[in-house]
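Okay, structure first, notes after.
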Amino acid sequence: MQPSNQYDVVIVGAGPAGSHLGYLLACRSVKVLIIDKKELPRYKPCGGGLTRRAMQLLAFDLTPVIEDYARTAVVSVDNTPVYQRSFSEPIIGMVMRDRFDSLLLDRATQAGSHCITGTRFTGVTPHADGLRIITSNDRFETRLVVGADGVNSAVARALRLSVKSRCFYAIEGEVYCRSADDLAAFKETVHFDFGVIPRGYGWVFPKKDHLSIGVLTCGTGPRPLKKYFNNYLTKKTWPLILR
């Protein structure tokens with residue numbers, strides 16, 4: 001049966017924020033529609049680290065999508081470790097965004113939210129005592145619209161909201177090791193490395209069968225990220241032989 005075009009809340013964006021909000025509202029019997037321009041599951045480059053607090057805030061089992069639990073954190077400066085601490089409980093849960101995002105959206109729909117993917121938000125206009133949401137496929141009426149569509153939010157632009165943002169530049173790779181023993185050297189440990197890129201840092205997050213490795217900078221303009229990434233990758237994984 002097709003859902004009605006009238007909703008209490010329309011959420012634009014089916015990422016973690018939008019899907020979890022849809023779940024919380026649906027659990028309170030709010031009629032919710034979640035729309036996203038992409039089809040899910042979708043791959044998204046991301047370190048994929050959930051802090052302990054984030055895991056505690058999610059009221060359902062995340063085990064099916066956890067790739068690894070980090071219990072040790074290592075901080076290095078100029079490739080020299082300066083801090084290391086281990087904890088008895090996991091401090092970060094590692095996920096891949098395609099599976100994690102799909103899990104959150106599944107929980108939202110199971111709670112009662114409707115979801116339409118492959119549909120692009122194109123505008124919003126006043127309508128009766130609420131709003132009319134215009135998309136690439138249909139129109140919907142709602143009392144409230146939520147923009148959960150990222151830093152370049154189309155909802156914010158449509159509402160002419162002034163959003164102050166600061167640019168960060170990053171590059172990440174999913175790195176597969178030659179053997180399980182090579183991968184095991186990084187298991188249950190997160191690495192944060194400063195001095196590998198100006199005004200930024202590098203990271204290594206272990207996943208089930210590979211490593212998520214990246215560098216980020218908050219500099220004033222794009223930098224040769226690939227050069228810094230390749231240098232960091234070489235120093236961090238050497239003498240491992242990558243596939």
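A simple spin-label model places the labels of Ala184 and Asp138 5.2 nm from each other, with each point 7 Å out along Cα-to-Cβ. If you take Kirkwood radius over Cα pairs in Å from the coordinates, which of (i) 20.0; (ii) 18.4; (iii) 18.9 do you get? Correct label, based on the coordinates given: (i).
Here the simple spin-label model places points 7 Å from the Cα toward Cβ, and for Arg28 and Tyr83 these points are separated by 3.7 nm. The convex hull around the C-alpha trace of the range 1-141, projected and averaged over every direction, spans 11.2 square nanometres. Take every DSSP beta bridge whose two residues both sit in the range 1-123; close to 60 percent of them are antiparallel. If you take all C-alpha pairs in the range 88-159, what percent of them are over 20 Å apart? Result for the distance tail: 47 percent. When each of the peptides 108-118, 76-86, 195-205 is scored by the mean number of other C-beta atoms lying within 10 Å of its residues, the order from highest to lowest reads 195-205, 108-118, 76-86.
Sparse packing (at most 14 other Cβ atoms within 10 Å of the Cβ) combined with a DSSP loop state is found for the following chymotrypsin sites (Phe, Trp or Tyr not before Pro) in the range 84-154: Phe87. With the helix formula -39500 (n - 2.57) applied to DSSP H stretches of n ≥ 4, the chain reaches a computed 222 nm mean residue ellipticity of -6500 deg cm²/dmol. Work out the P(r) tail for the range 173-233: percent of alpha carbon pairs separated by more than 20 Å, whole number. Counting every Cα pair in the range 173-233, those more than 20 Å apart make up 29 percent. Once Rg and the Kirkwood radius are both taken over the C-alpha atoms of the range 26-71, their ratio Rg/Rh works out to 1.02.
A short reminder: the numbers here are calculations on the coordinates, not readings from a lab. Owing to the predicted nature of the structure, the values given are computational and were not obtained by experimental measurement. Backbone-built Cβ (ideal geometry, glycine too); neighbour counts: all protein chains shown.
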